[in-house]
Amino acid sequence: MHDRVLAARLAGLGQEVVIGTRDPRATLARTEPDALGTVPYARWAAEHTNVRLLQLAEAGAFAELVINASNGANSLAAIEGVGAENLAGKVLIDVALPLDLSQGMPPMLTVANTDSLGEQLQRAFPEAKVVKTLNTVFCEVMVDPSRIPGEHNLFIAGDDGQAKQVALGILESFGWHRDAVIDLGGIIGARGSEMYMRLYFQLAQLLGTFDVTIQVKRGDTAGR
Ligand SMILES: NC(=O)c1ccc[n+]([C@@H]2O[C@H](COP(=O)([O-])OP(=O)(O)OC[C@H]3O[C@@H](n4cnc5c(N)ncnc54)[C@H](OP(=O)(O)O)[C@@H]3O)[C@@H](O)[C@H]2O)c1
């Protein structure tokens, strides 16, 4: 469902957007809401005729920029479906969370500490320019930060500086101020923002909302 939130917002901003899926016919054939109550794709698509649904590789071939909003535990397989040849030289914005829900909530991670999904993707697709961002907030907040009043921060990590600038442009179009986006450096910075997920989901449970965010404050104690 998360891909739909991003797709609708980008299309509303005038971008030409396609959603990639493993099997378009199966995706369109679903008539029942999923386990989380998300409406079937076909019903959503009827109200979003400006977004096309394509098979993963077709979507990859079409796209100038790719956003990985696939199930994080299966993102390597999903992006393999997009095709390394379709990613070469392109910015790949990775918003996915490598969640392991096998032990319930709060989730564990399928990769952590010495590696991250962002790094796995960069290694698996070396010709893509992977940028990890947006993954620390709920999808509705990603595309509209004012949903949570006041100042709050987002993080960005990636090895390619130009690719990060492209991603920052998209974040700005969503309403994020450039100075609210903290650059964690290379894609290795994805480790920290992905590992925050354990705390995020615990807070979401405690507070009863997914509208949880981070405001980073720096104490004036430098040099003391
Ligand atoms: N929802 C949020 O607010 C939020 C916030 C931050 C980050 N995220 C992250 O954003 C991503 C998307 O969120 P979501 O809630 O839409 O996730 P999701 O429902 O778990 O998965 C999204 C899509 O991943 C694809 N997928 C699942 N298993 C696959 C497999 N074995 N191989 C290839 N593709 C597979 C499926 O696409 P098809 O069936 O169409 O092929 C599925 O519709 C996740 O990684 C999530 O953790 C979400």
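The values are calculated or read from the model by the stated rules, or taken from the named source; none is laboratory data. The model shown is predicted, which means the values in this text are computed figures rather than measured ones. Every residue, glycine among them, receives a Cβ derived from its backbone with ideal geometry; neighbour counts consider all protein chains shown. Quick note on the areas: whole protein, heavy atoms, side chains included, nothing else; ligands and nucleic acids left out. Shrake-Rupley method; radii C 1.70, N 1.55, O 1.52, S 1.80 Å.
Against the numbered list (1) modelled with pLDDT of 95 or more; (2) outside any helix (DSSP H, G or I); (3) within 13 Å of the ligand (Cβ to nearest atom); (4) closer than 26 Å to Phe210 by Cβ, Gln15 comes up short only at (3). Residues in region 18-33 that are of a type outside the set (Ser, Thr, Tyr) and in a strand (DSSP E or B) were compared, and the one that is least open to solvent (accessible area, probe 1.4 Å) is Ile19. None of Phe210, Phe155 is within 25 Å of Thr110 (Cβ to Cβ), assigned to a loop (DSSP other than H, G, I, E, B) and within 16 Å of the ligand (Cβ to nearest atom) except Phe210. Look at Ala96 and say whether it is exposed (fewer than 14 other Cβ atoms within 10 Å of the Cβ), within 14 Å of the ligand (Cβ to nearest atom) and not polar (S, T, N, Q). No, not satisfied. Within 8 Å of the ligand (Cβ to nearest atom) and either open to solvent by 30 Å² or more (accessible area, probe 1.4 Å) or part of a loop (DSSP other than H, G, I, E, B) (or both): is that true of Leu36 in this structure? Criteria met by Leu36. Taking (1) open to solvent by less than 70 Å² (accessible area, probe 1.4 Å); (2) under 22 Å from Ser75 (Cβ atoms) in turn, Ala45 satisfies each apart from (2). For Phe138, the criteria (1) surrounded by fewer than 23 Cβ atoms within 10 Å (Cβ to Cβ); (2) touching a strand residue (DSSP E or B) at 6+ places or on another chain (Cβ under 9 Å) hold in every case but one, which is (2). Would you say Arg198 is more than 20 Å from Val66 (Cβ to Cβ), open to solvent by 10 Å² or more (accessible area, probe 1.4 Å) and in contact with a Pro (Cβ under 8 Å, 6 or more places away or on another chain)? Here the answer is yes, as Arg198 does meet what is asked. Restricting region 117-134 to residues that are open to solvent by less than 10 Å² (accessible area, probe 1.4 Å) and away from the ligand (no atom under 13 Å from the Cβ) leaves a set whose member that is nearest to Tyr200 (Cα to Cα) is Val131. If you go through region 52-93 and keep only what is part of a strand (DSSP E or B), within 13 Å of the ligand (Cβ to nearest atom) and among the aliphatic types (A, V, I, L, M), you end up with Leu53, Leu54, Ile67, Ile93.
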